[in-house]
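This report concerns only the one structure given below.
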Amino acid sequence: MTTTTDLTGWTGLQFFGRTTASVSHELKNALAIIKENAGLLNDYLLMAEKGTPLKPERLKIVADRIDQQTRRADTLIKHLNRFGHSIDEPLTTVDLNEIVSLLAALTQREVSMKQATLQLAMGESPMTVKTAPFWLLTFLGHCMTFSLKVLGPEKVLHLQAEKVEDGTRILFSPLSGLQGAGQEDFPGEAEMALLKSLDAACHIDPDAGTLLVNLTNR
Amino acid sequence: MRVLLVDDEVDLASALAERLDLRGIQADWVTTAHAALDKADAVDYDLAILDVKMPKIGGLELRERLHERHPRMKFIFVTGYGSEMDFNKVKCKAGETCYMVKPVAIEDLLKRMKELIGDIGGDQ
């Protein structure tokens with residue numbers, strides 16, 4: 001028998017592990033590109049030593065690739081660092097736009113592996129909410145995985161944070177696959193435990209093709 | 001010897017292909033499994049170097065499809081996975097022992113290619 005706290009903790013740890021594995025995989029790719037292109041520069045130099053003239057335009061292309069991948073790696077590390085710090089405060093005031101942006105960054109690989117495109121729509125900024133950022137990211141990460149499963153054939157996922165009368169909400173749409181089979185397992189036991197700890201609510205509307213996460217200020 | 005590189009990271013595949021070309025090994029590159037299947041139908045490759053994780057069809061499934069159509073083709077997998085456990089998954093699923101963890105040193109890659117093919121030609 002698992003308690004709600006155990007289940008929430010385990011779910012959070014799983015999400016933390018999954019996310020760090022995914023981001024580190026991306027980092028490996030960036031490093032592999034840097035290494036290969038640095039090796040290519042070295043090849044050019046060895047050829048130059050043997051008398052083949054250097055081609056500045058080739059050098060520029062390769063140097064630009066290294067520069068781009070260094071920036072990519074730096075951005076990945078920044079996101080991972082922000083994610084790591086999301087557990088610092090059990091309850092704190094955050095800008096929901098920033099949370100949604102971070103979610104998009106952390107799940108970028110998951111989205112691209114599904115060959116989907118993510119469109120972010122930011123609401124008024126800052127859109128502050130008092131919440132548990134790590135648990136919110138964990139829950140939204142589960143929403144993202146579920147949304148990608150029930151995404152329509154156009155494979156574009158629209159993600160939006162917005163203010164509503166009684167708080168704030170995050171909208172995942174258009175989920176045309178909600179009308180098919182297989183969506184009945186969400187939210188499951190783990191997600192329900194997360195919602196409870198966040199004091200949040202989740203509403204799925206198969207007709208509208210939407211998944212809504214409603215947050216109230218705590 | 002002719003090599004096909006398949007990796008969804010354009011800047012990795014193109015750089016590695018160029019480095020092999022500079023060593024006298026003819027190398028083509030594509031970024032999707034579908035493009036790889038088309039390319040392999042058009043050109044007689046001795047070896048394919050496959051990224052394990054790619055959108056839609058990954059390296060393991062691609063290997064099966066290529067092997068069906070081109071039984072003499074040899075394979076080397078490259079993966080961003082770092083752990084021994086993940087490597088074992090790759091070995092088991094593909095029935096291959098030739099895997100390499102990114103980032104790959106070209107000298108190590110050439111050594112693996114020689115182990116698989118024998119004389120790889122070129123001027124490495």
Residue match in the stretch A:72-90 (condition: assigned to a helix (DSSP H, G or I), among the β-branched types (Val, Ile, Thr) and either within 14 Å of chain B (Cβ to nearest Cβ) or more than 20 Å from B:Glu9 (Cβ to Cβ) (or both)): no
Selection from the stretch A:58-71 of residues that are away from every other protein chain (no Cβ under 12 Å) and basic (Lys, Arg): A:Lys60, A:Arg71
Index of the failed condition, A:Leu13 passing every other in (1) surrounded by fewer than 12 Cβ atoms within 10 Å (Cβ to Cβ); (2) more than 19 Å from A:Thr138 (Cα to Cα); (3) more than 14 Å from chain B (Cβ to nearest Cβ): (2)
Selection within the stretch A:33-51 - of a type in the set (Asp, Glu) and either facing another protein chain (nearest Cβ under 8 Å) or closer than 12 Å to B:Ala13 by Cα (or both): A:Glu36, A:Asp43
Test result for A:Leu106, out of contact with any helix residue (DSSP H, G or I) (no Cβ under 6 Å at 6 or more places or on another chain) and closer than 21 Å to A:Cys202 by Cβ: no
Criterion: modelled with pLDDT of 95 or more and β-branched (Val, Ile, Thr) - qualifying residue of B:Val90, B:Val43: B:Val43
Pairs where the first residue, in the stretch A:46-62, is at pLDDT 95 or above and the second is not in a loop (DSSP other than H, G, I, E, B), C-beta under 6 Å, 6+ apart: A:Val62/A:Asn37; A:Val62/A:Leu40; A:Val62/A:Leu41
Residue match in the stretch A:20-29 (condition: touching a residue at least 60 places away in the same chain (Cβ under 8 Å), under 26 Å from A:Leu212 (Cα atoms) and more than 14 Å from every other protein chain (Cβ to nearest Cβ)): no
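The values are calculated or read from the model by the stated rules, or taken from the named source; none is laboratory data. Here the structure is a predicted model, which means the values were calculated and not measured. Here the Cβ is made from the backbone with ideal geometry for all residues, glycine too, and neighbour counts use every protein chain on show.
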